[in-house]
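Notes follow the structure.
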Amino acid sequence: MRSGFALRVSAIAISMAIVVGCGGSSSGSPRPTVAASATATAAPIKVRAAYGNVTPANLAPFYAKEKGIFLKNGLDVDLSLIDGGGKAMAALIGNSVEIAQLGGTETMSAYVGGGDVEAVTLFVPVSPWVLMAPASYTGPNDLKGKTIGVASKGGSSEVAANQAIEKLGLKLTDVTVLATGSVANLTSAMLANQVYAGPGHPPDTAALFKAGYKVIMDLAAQKVPAVENCTIVQKKYASEHKDVLQKYVDSLVQAIVAMKKDKPGTLPVMQKLLGVSDQDALSETYDYYVTQIFPTYPEVTPDAWNYSRDELAKTNAAVKGLDVTKVIDNSFVKDAQTRKLGG
């Protein structure tokens, strides 16, 4: 009996020695457990995202990445350029990325083509485009028989070109439309005289003006509704990763708020995104997009989508009559707004 008791006492003593040796104390507060420490320093969630064109419309996600806003919200976002809205949409549907920043018109085209996609933000609810032509242009008849350049078929630049052509009193059959692949390619094609005219917006318009181009139809001044740039996801991803997507949208709202308050701090980020060093062009672009166009809460509501759908239907009959509520989800922006994330 005595030997059994002694063994038990020894075991207890050894256990206490181990606890004390590991930092335990009978009077002090216990140290955090390994599990608690791991939770406190949890690695950010990796997200693959892409933007479909080098355009100021994509400034919010680029700013959120550059300024560390995504990381502050627990996201490690790999943000890459896939030049061209159609290519970016293909990457999204093919699961190469989880989130894509591109146009609402590409989204509607993809949806009627079988892609189970939806938009959760809209950054440019009015058209930023102006139709530009050479200085020799004298009137609408000069466009007849000419080639008009656009970034991509079914994209927002094509919709803008169609709107401008009709507002000039012409028919779409009066011109030939050539898709160049991206906004950057479109500007290059215009500067190289490979197309006669085409839609543009800041900062590309600065280079076009310097090359002698002029505005022949200003959709931007008319505040024509548009679904120019959105955050697009597959519905399955949105359903299965609501917390991640909410953090992503929160980051975009916070980026917009920060940009609106800090022009000097935003211009270098814009310069890096656009590859433009002309400070006057950058300042003009900031004033137009950040000050005038970007809403603090980038809501996706039916009005602009219905208008853009009807314009898109002129060249893509498959979207005619589309119930646009099937391709938009405003719940993530609404959640951020309910929490007054934008102030």
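The values are calculated or read from the model by the stated rules, or taken from the named source; none is laboratory data. As the structure is a computational prediction, the values presented were derived from the model and not from experiment. Here Cβ is always computed from backbone atoms with ideal geometry, including for glycine, and neighbour counts include all displayed protein chains. Ligands, DNA and RNA are excluded from the accessible area calculation, which covers all protein heavy atoms including side chains. Shrake-Rupley method; radii C 1.70, N 1.55, O 1.52, S 1.80 Å.
Brief remarks follow.
- Rounded to the nearest 20, the size of the Cβ-charge dipole of the chain about its Cα centre is 1080 debye, with Lys and Arg at +1 and Asp and Glu at -1.
- Solvent-accessible area, 1.4 Å probe, carbon plus sulfur percent, for the range 89-148: 51 percent
- Largest-first principal axis extents of the Cα set of the range 242-343 (Å): 45, 36, 21
- Taking Ser283, Ser239, Ser157 in turn, the Gaussian network model of the chain (Cα-Cα springs below 10 Å) assigns the largest fluctuation to Ser239.
- Sequence-distant contacts, meaning Cα pairs under 8 Å at least 6 residues apart, place the relative contact order of the chain at 24 percent.
- Listed values (1) 1.32; (2) 1.20; (3) 0.93, entry calculated as Cα Rg over 2.2 N^0.38 Å: (1)
- Farthest positive-ward along the range 83-175 dipole, Cα basis, beta-carbon charges - from Ala91, Gly154, Leu170: Leu170
- Counting only protein heavy atoms and a 1.4 Å probe, the chain has 46 square angstrom of accessible area per residue.
- Intensity falloff of the range 208-298 expressed as log10 I(q)/I(0), Debye formula with alpha-carbon point scatterers, at q = 0.17 Å⁻¹: -0.95
- With every protein chain in place, the range 187-293: carbon and sulfur % of accessible area (1.4 Å): 51 percent
- Sequence-separation-based contact order of the range 235-320, relative, with Cα cut under 8 Å and 6+ spacing, percent: 24 percent
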